[in-house]
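Following: one structure in structure tokens, then a few remarks.
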Amino acid sequence: MTRNLNKPTESQIPQPSTVTTTTLAPLVQYAMQNSKIQVLNWHHEQLHGGVGKGTAIYRYSGDSEDHGRKIPWSLILKTVQPSGNRSVHAWDYYKREVDAYQSGWLNTLPGGLSAPRLFGVTESADGTCWIWLEDVNNDVADPWPLAHYRVVARHIGQLNGTFLTQETLPDHSWLSRDWIRHYVEQSAPCIDLLHQSQDHPLVRRWLPEELMKRVFHLWDDRDLFLNALDRLPQTICHFDVHRRNLFARRVTVQQFETLLIDWAFVGHGPVGADLNPLMNASVAFFDVDVADAQRFEDLIFEGYLTGLHDVGWDGNRQDVRLGYAASCVRYALGTLGPVLMMIFDQNSRLQAEQAFHCSIGDLLNYWGHIRHYFGYMEDEARRLIKLTS
């Protein structure tokens with residue numbers, strides 16, 4: 001292995017235009033820690049995933065050669081266009097993940113959690129960014145056994161707990177603040193649209209009358225939930241922890257590391273908040289069967305508490321439960337826009353049907369079913385808020 005390798009500089013990596021062998025060579029050399037390696041061939045494919053408009057993910061892979069020995073390689077390219085907010089204080093600041101990687105902060109994550117390695121970042125004149133990252137694989141076969149999610153939840157607890165035990169939180173400008181509040185508040189126009197479209201057949205499949213009333217009631221009471229979250233112990237949250245952003249890498253025969261991708265929302269948030277997407281989105285995206293939801297919740301909650309205790313945080317279990325339950329506003333209200341877009345925009349509908357391999361009607365029926373099931377979180381949060389007021 002060659003010593004003293006340096007990360008490719010911007011001058012070595014062309015601005016985003018057309019990927020060539022010249023583009024890839026220093027990246028592959030850096031990734032493989034071998035400055036002599038030569039790229040022989042390559043191809044690419046677009047992958048699903050990414051946060052926000054203008055985000056695309058590609059895998060570049062091929063063969064390289066070192067002293068006559070052929071070695072396969074692969075890299076991930078994530079492109080981020082400035083279609084999100086350019087303000088560093090916005091919930092959807094489009095360069096947050098870029099800034100987090102370039103700061104080096106993601107190299108220092110505590111406990112059993114890691115982010116993919118960064119190999120290079122470039123930014124074009126219009127603000128478009130290319131992020132070249134490690135291509136990570138899962139060492140746990142799909143579908144993941146429920147027990148492995150407990151391991152993941154423990155690692156998330158170690159992350160959150162580490163910052164809970166510190167006197168002050170990191171204050172990097174790119175870290176989000178009040179992310180859940182801002183994410184919920186951007187749904188205001190969707191509430192108006194829901195009022196106007198209650199009789200639309202697809203809206204009815206998603207939100208029958210009882211669920212529609214609950215949505216409006218929760219919207220009216222959103223500050224009750226958001227203020228309760230603000231009063232809880234604060235930590236650093238990823239805000240998008242779910243199966244499709246998680247990878248399991250085997251460290252030993254019995255030990256795994258969790259790799260977490262998509263850091264576009266990372267910032268200050270309440271204890272327990274990162275558990276909610278692990279529960280909600282993993283079920284909503286068909287990665288965990290809703291029939292297993294109760295056992296799944298029990299496993300990840302206990303795993304998360306174990307992770308908090310691993311790093312020395314011995315706070316109130318009730319605070320953790322409130323942070324978990326009250327964060328339901330993020331999905332109950334914050335996701336109204338994307339679902340309405342699927343209902344009223346043909347392109348969005350087709351993309352959803354392709355991504356989830358079912359019709360929009362079946363998808364809305366399912367999401368309505370799990371929204372009804374997850375109503376217990378809202379009820380529990382109301383009870384806990386009343387107890388702590």
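At R0 = 35 Å, how high is the FRET efficiency between Asn316 and Ile191 if r is their beta carbon distance? Nearest 0.05 is fine. Before the final figure, lay out each step's value.
Details: r = 33 Å, r/R0 = 0.95.
In this case the efficiency is close to 0.60.
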10 Å Cβ shell holding at most 16 others, DSSP loop, chymotrypsin sites (Phe, Trp or Tyr not before Pro): longest site-free stretch of the chain:
1-284
So what's the net charge close to Thr162: Lys and Arg +1, Asp and Glu -1, counting the other residues with Cβ under 14 Å from its Cβ?
-3
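Which ordering of Thr235, Thr108 is given by a fewest-first count of other beta-carbon atoms within 10 Å?
Result, fewest neighbours first: Thr108, Thr235.
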Note the angle between two axes, namely the Cα long axis of helix 222-231 and the longest principal axis of the Cα atoms of the chain, as a number of degrees from 0 to 90, rounded to the nearest 10.
60 degrees
What helix-only [θ] at 222 nm does the chain give? Using -39500 (n - 2.57) per DSSP H run of at least 4, over all residues, to the nearest 500, the answer is -13500 deg cm²/dmol
On C-alpha positions alone, give me the angle between the axis of helix 360-373 and the longest principal axis of the chain, in degrees, nearest 10.
60 degrees
When the chain is fully extended, how far beyond the present Cα-Cα distance does Thr168 get from Ala56, taking 0.36 nm per residue of separation?
36.8 nm
Projecting each Cα onto the charge dipole of segment 101-230 (Lys/Arg +1, Asp/Glu -1 at the beta carbon, about the Cα centre), which of Tyr183, Trp132, Phe225 comes out farthest on the positive side?
Phe225
Which of the listed residues, Gly315, Trp263, Gln38, is farthest toward the dipole's positive end in the chain, when Lys, Arg count +1 and Asp, Glu count -1 at the beta-carbon?
Gln38
Among Leu387, Leu363, rank each residue by its count of other Cβ atoms within 10 Å, from fewest to most, as a rough exposure measure.
Leu387, Leu363
P(r), alpha carbons of segment 230-389 - 10 Å bins starting at zero, rounded %:
9, 35, 36, 16, 4, 0
Under a point spin-label approximation (7 Å from Cα along Cα-to-Cβ), what is the Glu65-Asp379 distance to one decimal in nm?
6.8 nm
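With Cβ to Cβ distances under 12 Å as the rule, what net charge do the other residues near Ser114 carry (K, R +1; D, E -1)? Intermediate values should be presented prior to the final figure.
On the way: positive: Arg117, Arg249; negative: Glu134, Glu257.
So the surrounding residues net to 0.
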Could I have the simple spin-label model distance between Asp139 and Ser359, label points 7 Å from Cα toward Cβ, reported in nm to one decimal?
4.4 nm
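Can you list the equivalent-ellipsoid semi-axes of segment 21-134, largest first and in whole Å, using the square root of 5 times each Cα gyration tensor eigenvalue? List each step's numbers first, then the result.
Values: eigenvalues 158, 55, 29 Å².
Gyration-tensor ellipsoid for segment 21-134: 28, 17, 12 Å.
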Counting other beta carbons within 10 Å of each Cβ, put Val329, Val266 in order, fewest first.
Val266, Val329
What are the residues whose amide H is under 5 Å from the amide H of Ser176, where those residues sit 5 or more places off or on another chain and H is modelled from the backbone?
Gly267, His268
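Work out the P(r) tail for the chain: percent of alpha carbon pairs separated by more than 35 Å, whole number. It would help to have the intermediate numbers written out before the result.
On the way: 21554 of 75466 pairs.
Of all Cα-Cα pairs in the chain, 29 percent lie more than 35 Å apart.
None of the figures in this text is laboratory data; all of them are computed from the coordinates on show. All values reported here derive from a predicted model rather than from experimental measurement. No Cβ is skipped: glycine too gets one built from the backbone with ideal geometry, and neighbour counts run over all protein chains shown.
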